[in-house]
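Trainee: The following block contains the structure, expressed as structure tokens.
Please treat every number below as a calculation from the coordinates, not as lab data. Treat the numbers as computed from the prediction; the structure is a model and nothing was measured. Ideal geometry is used to build each Cβ from the backbone, glycine not excepted, and the neighbour counts take in all protein chains shown.
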Amino acid sequence: MAYTKFAEFLRILRVRNHENMGDTAKLLGVNIAFVSAVESGKKNVPEDWVDKIVQHYNLNEQEKAELIRAVEDSKTISKINLVSVPSFKRQVALQFQRSFDEIDEETARKILELLGED
């Protein structure tokens, strides 16, 4: 089973602090199955987890930044709010969604370049 960057980060914290997944679930106010789903990428990391983890493990600013990067790198579901978006932009977003699975690496690189992401 593959694990996310967030899972790797959190597992290191657990090992350093002699904790197990049950301890993490208790800290975060969820059950072990939910923690497992997040760690395996089946669910995104809930927003309130970062602050809870930072406080519990007393992370410094650099560690907090690493945690936030791990959370971002671990996102498996992304939502776009199209409520107040102009029609043309909505059309672009929906076409991208429909075409996403067929985009090859070269096309993805070109899109990132157009969006200013290197």
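Trainee: Which of rounded, prolate, oblate describes the stretch 3-56, given a ≥ b ≥ c as roots of the alpha-carbon gyration tensor eigenvalues and a/c under 1.5 marking rounded, otherwise prolate only if a/b is larger than b/c?
Mentor: Details: a/c = 1.31, a/b = 1.18, b/c = 1.10.
Note, shape of the stretch 3-56 comes out rounded.
Trainee: Distance between Cα centroids, the stretch 37-65 to the stretch 67-108: provide it in whole Å.
Mentor: 23
Trainee: Project the alpha carbons of the stretch 54-113 onto their principal axes and report the range along each, largest first, in whole Å.
Mentor: Largest first, the stretch 54-113 extends 46, 32, 19 Å along its Cα principal axes.
Trainee: Which order do the peptides 100-111, 28-39 come out in when sorted by mean C-beta neighbours inside 10 angstrom, highest first?
Mentor: Working: 100-111: 9.6, 28-39: 16.3.
The densest-packed peptide leads the list: 28-39, 100-111.
Trainee: Could you work out the Rg to Rh ratio of the chain, with Rh taken as the Kirkwood radius (inverse of the mean 1/r over all Cα pairs)? It would help to have the intermediate numbers written out before the result.
Mentor: Working: Rg = 17.6 Å, Rh = 16.6 Å.
Here the Rg-to-Rh quotient is 1.07.
Trainee: Excluding Ile53 itself, what net charge comes from residues whose Cβ is under 15 Å from its Cβ, given Lys and Arg +1 and Asp and Glu -1?
Mentor: Working: positive: Lys5, Arg11, Arg14, Arg16, Lys26, Lys52, Lys64, Arg69; negative: Glu8, Glu19, Asp23, Glu39, Glu47, Asp48, Asp51, Glu61, Glu63, Glu66, Glu72.
That sum, taken over residues with Cβ under 15 Å, equals -3.
Trainee: ³J(HN,Hα) across the stretch 37-48 via Karplus (A = 6.51, B = -1.76, C = 1.60, θ = phi - 60°), whole Hz, x for Gly/Pro?
Mentor: Per-residue couplings from phi come out as 5, 5, 5, 8, x, 6, 9, 6, 6, x, 4, 6 Hz.
Trainee: Something else now. Within straight cross-link reach of Lys5, meaning Cα distance under 19 Å, which lysines are found once same-chain residues fewer than 8 apart are removed?
Mentor: Lys5 reaches Lys42, Lys43, Lys52, Lys64, Lys75.
Trainee: Using alpha-carbon pairs under 8 Å, 6+ residues apart, how would you state the relative contact order of the chain in percent? Can you show the working numbers first?
Mentor: Details: 67 pairs, mean separation 31.5, N = 118.
Value for the chain: 27 percent.
Trainee: Summing -39500 (n - 2.57) over the DSSP H runs of n ≥ 4 in the chain and dividing by its residue number, what mean residue ellipticity at 222 nm do you reach, to the nearest 500 deg cm²/dmol? Could you put the intermediate results ahead of the total?
Mentor: Values: 7 runs with 73 residues, N = 118.
After summing the helix terms and dividing by the residues of the chain, the value is -18500 deg cm²/dmol.
Trainee: Which order do the peptides 80-87, 18-25 come out in when sorted by mean C-beta neighbours inside 10 angstrom, highest first? Could the numbers behind the result be given before it?
Mentor: Values: 80-87: 9.0, 18-25: 14.5.
Going by the mean number of other Cβ atoms within 10 Å, highest first, we get 18-25, 80-87.
Trainee: Among the aspartates and glutamates, select those whose C-alpha is under 13 Å from the C-alpha of Lys110, and discard any that sit fewer than 8 residues away in the same chain.
Mentor: By straight Cα distance, Lys110 reaches Asp118.
Trainee: Sort 53-59, 11-17 for me by packing, meaning the mean count of neighbouring Cβ atoms within 10 Å per residue, highest on top. Before the final figure, lay out the partial values.
Mentor: Details: 53-59: 15.0, 11-17: 12.4.
Put in order of decreasing packing, that is 53-59, 11-17.
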